[in-house]
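A.B. asks: This is the structure, below, for whatever I ask next.
The values are calculated or read from the model by the stated rules, or taken from the named source; none is laboratory data. In this text the structure is predicted, and so the values were computed from the model without any measurement. Glycine gets a Cβ as well: all are built from the backbone with ideal geometry, and neighbour counts include every protein chain shown. When the accessible area is computed, the model is the full protein with side chains, heavy atoms only, and any ligands, DNA or RNA have been set aside. Shrake-Rupley method; radii C 1.70, N 1.55, O 1.52, S 1.80 Å.
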Amino acid sequence: MEILKNISALEWTSGLGLLCMLFEVANLRKLVWPLCIVGLMAIFGLNLASWGVNASFYHNMVVINNFSVAFSGLLILLALFIVILSGNFYKNEEAKISDYLAIIIFTLCGALALVSFGNMAMFFLGIEVLSISLYVLAGSRKKDVRSNEAGMKYFLMGSFASGLLLFGITLVYGETGSFDLAEIARMKALAPPSVLFYMGAGLIMTALFFKVSAVPFHFWAPDVYDGSPTLITLIMATIAKIAAFAAFYRIFSLCLISSVPLYGLIFAVVTALTIGVGNFTALNQDSFKRMLAFSGISHAGYLMMGILSLTGKTDNAIFFYSLAYGISSVAAFAVAIVVAINTGTDKIESFNGLAKRKPFVAAALTIAMLSMAGIPPFAGFFAKYYIFTEAIKNGHLWITVWAVINSIVAVYYYFKVILAMYTKDSDQVVFNIKPAYTFVIGICIVLVILLGLLPSAFANLL
């Protein structure tokens with residue numbers, strides 16, 4: 001058992017991805033879906049068994065500690081839900097199901113690398129594995145023009161961001177002579193940062209702004225989210241975003257924290273713009289997916305408040321917010337997929353009368369929407385409470401007031417969907433939902449409620 005604890009979730013997940021490909025070669029594609037589900041459940045358990053371990057491997061390329069275990073566990077759980085949903089989502093493309101699942105597993109590998117790296121090289125590899133997998137998945141419906149457009153836009157913008165990131169890493173290496181985070185931190189403790197170091201940190205920060213869809217680098221997100229298959233949009237909105245924020249916190253808190261005072265005002269303005277643009281633009285959307293895309297931009301702004309408060313210990317707040325946001329998003333997107341399958345559209349009007357047709361589904365979406373809006377007693381309320389508290393502790397009162405105002409604005413567009421479900425009528429009578437969707441939606445809603453009732457159980461893990 002001790003040996004198993006010292007193998008990271010990244011290594012187990014890489015093995016699962018390779019196993020999926022071997023099953024395809026052996027013409028056992030019907031077994032790939034259950035293999036992924038069982039494999040991810042096992043990896044989730046093995047990852048939790050590593051709690052309390054503090055070790056590094058491959059010359060500090062991979063690090064296991066409570067931070068990496070907590071975020072890895074969250075990402076694996078979200079991937080497990082997505083894989084469960086994928087069995088029905090790709091039912092018309094059974095011949096390619098093993099390809100899709102293998103790429104989803106490798107997307108998770110990139111995300112896990114981003115929460116457990118100890119070296120700039122692994123940081124870059126993690127982002128590239130995650131991004132390249134998502135480029136393929138975004139454009140996976142080759143006969144759908146919108147999917148092709150989404151894949152191309154994501155590829156072009158992602159490639160530009162990767163170039164900035166690589167240039168920034170190069171400048172930091174030129175200043176310190178090392179890619180190792182601990183060594184870079186040691187070098188900066190001995191000598192003050194130079195212009196070269198500040199430029200490198202600024203380029204890395206800008207690249208990560210692209211990755212998390214922060215304003216003004218957010219223009220790709222709504223079109224890519226809207227054009228990609230909904231399940232892939234869910235991966236982008238949860239796994240990719242949460243992994244990017246974990247990496248953001250990790251790299252700046254461990255070795256680039258000395259650059260934070262210089263970029264503090266810029267970061268604060270970008271954070272405020274991200275929260276405001278995301279919320280106010282979401283008000284005018286008539287597509288549920290686009291509304292969630294702009295909502296996701298605003299949530300990126302709230303998470304950026306945790307990065308802005310790096311002078312304090314904000315890892316717990318960022319983790320709890322990621323947990324609450326991720327679980328609520330899975331529930332919301334799962335309902336969106338069910339509604340789109342039954343109505344043929346993702347317009348907000350397609351949710352009309354859902355409470356009469358499927359009360360459970362409507363109640364679940366209501367809870368998810370209320371949680372994302374930050375309404376008590378659900379998980380999203382305490383997620384925002386912890387983030388706002390840390391921001392105030394670290395002297396960011398004005399941006400906290402702005403965030404609270406925007407949270408009130410967000411209630412309006414979330415309630416548009418709730419009112420459509422409960423106050424409007426629909427002529428559609430037949431409405432089917434697969435057991436896998438019922439299971440995932442049910443589990444997510446139970447978790448959202450439990451996190452709201454027992455927030456302290458997860459608020460101080462790190």
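A.B. asks: Looking at region 54-89 only, could you name the residues that are open to solvent by 10 Å² or more (accessible area, probe 1.4 Å) and hydroxyl-bearing (S, T, Y)?
C.D. replies: S56, Y58
A.B. asks: Taking the criterion of being touching a Leu at 6+ places or on another chain (Cβ under 6 Å), modelled with pLDDT of 90 or more and either aromatic (F, W, Y) or closer than 23 Å to H299 by Cβ (or both), would at least one residue in region 342-360 satisfy it?
C.D. replies: no
A.B. asks: Go through (1) of a type outside the set (F, W, Y); (2) crowded, with 19+ Cβ neighbours inside 10 Å; (3) within 22 Å of A272 (Cα to Cα) and name the single condition A331 misses.
C.D. replies: Failing condition for A331: (3).
A.B. asks: Would you tally the residues in region 395-421 being surrounded by fewer than 17 Cβ atoms within 10 Å (Cβ to Cβ) and either farther than 21 Å from Y325 by Cβ or touching an Asp or Glu at 6+ places or on another chain (Cβ under 8 Å) (or both)?
C.D. replies: 5
A.B. asks: Given (1) at pLDDT 90 or above; (2) exposed (fewer than 13 other Cβ atoms within 10 Å of the Cβ), where does N432 come up short, assuming only one miss?
C.D. replies: Here N432 clears every test but (1).
A.B. asks: Here's a follow-up. Quick check on my filter: what residues within region 221-259 are open to solvent by less than 10 Å² (accessible area, probe 1.4 Å), assigned to a helix (DSSP H, G or I) and polar (S, T, N, Q)?
C.D. replies: Listed by number, the residues that qualify are T233, T238, S259.
A.B. asks: Let me ask you something else. From the set of residues in region 260-276 that are touching a residue at least 60 places away in the same chain (Cβ under 8 Å) and of a type in the set (A, V, I, L, M, F, W, C), which is surrounded by the most Cβ atoms within 10 Å (Cβ to Cβ)?
C.D. replies: Step by step, filter region 260-276, then rank; the result is I275.
A.B. asks: For G395, all conditions in the list (1) closer than 30 Å to V269 by Cβ; (2) part of a helix (DSSP H, G or I) hold save one; what is the number of the exception?
C.D. replies: Of the numbered conditions (1) closer than 30 Å to V269 by Cβ; (2) part of a helix (DSSP H, G or I), the odd one out for G395 is (2).
A.B. asks: Determine, yes or no, whether A272 is at pLDDT 90 or above and closer than 27 Å to S68 by Cα.
C.D. replies: No, not satisfied.
A.B. asks: When you look at R290, is it in a helix (DSSP H, G or I), touching a Pro at 6+ places or on another chain (Cβ under 6 Å) and in contact (Cβ under 8 Å) with a residue 12 or more places away in the chain, yes or no?
C.D. replies: It is true that R290 is in a helix (DSSP H, G or I), touching a Pro at 6+ places or on another chain (Cβ under 6 Å) and in contact (Cβ under 8 Å) with a residue 12 or more places away in the chain.
A.B. asks: Name the single residue, out of those in region 123-159 being among the polar types (S, T, N, Q) and open to solvent by 30 Å² or more (accessible area, probe 1.4 Å), that is farthest from I239 (Cα to Cα).
C.D. replies: N148
A.B. asks: Still on this structure, I have one more. For V430, state whether it is touching a residue at least 24 places away in the same chain (Cβ under 8 Å) and either within 19 Å of N279 (Cα to Cα) or in a helix (DSSP H, G or I) (or both).
C.D. replies: Judged against the criteria, V430 is not a match.
A.B. asks: I'd like the full set of residues that are in contact (Cβ under 8 Å) with a residue 12 or more places away in the chain and either among the basic types (K, R) or open to solvent by 90 Å² or more (accessible area, probe 1.4 Å) (or both), limited to region 435-445.
C.D. replies: Correct list: F439 only.
A.B. asks: Hey, K347 hits all of (1) open to solvent by 10 Å² or more (accessible area, probe 1.4 Å); (2) out of contact with any strand residue (DSSP E or B) (no Cβ under 8 Å at 6 or more places or on another chain) but one; which does it fall short on?
C.D. replies: So the condition that K347 fails would be (2).
A.B. asks: Taking L208, is it under 19 Å from the mean Cα position of the chain (by Cα), open to solvent by less than 10 Å² (accessible area, probe 1.4 Å) and of a type outside the set (D, E)?
C.D. replies: Yes, satisfied.
A.B. asks: Exactly one of (1) surrounded by fewer than 23 Cβ atoms within 10 Å (Cβ to Cβ); (2) assigned to a helix (DSSP H, G or I); (3) in contact (Cβ under 8 Å) with a residue 40 or more places away in the chain is unmet by P216. Its number?
C.D. replies: (2)
A.B. asks: So which residues in region 159-194 are part of a helix (DSSP H, G or I) and in contact (Cβ under 8 Å) with a residue 60 or more places away in the chain, if there are any at all?
C.D. replies: V172, L181, A182, I184, A185, K188
A.B. asks: If I filter region 293-307 for residues that are open to solvent by 10 Å² or more (accessible area, probe 1.4 Å), touching a residue at least 12 places away in the same chain (Cβ under 8 Å) and within 21 Å of the chain's Cα centre (by Cα), do I get at least one hit?
C.D. replies: Yes: region 293-307 contains one or more residues that are open to solvent by 10 Å² or more (accessible area, probe 1.4 Å), touching a residue at least 12 places away in the same chain (Cβ under 8 Å) and within 21 Å of the chain's Cα centre (by Cα).
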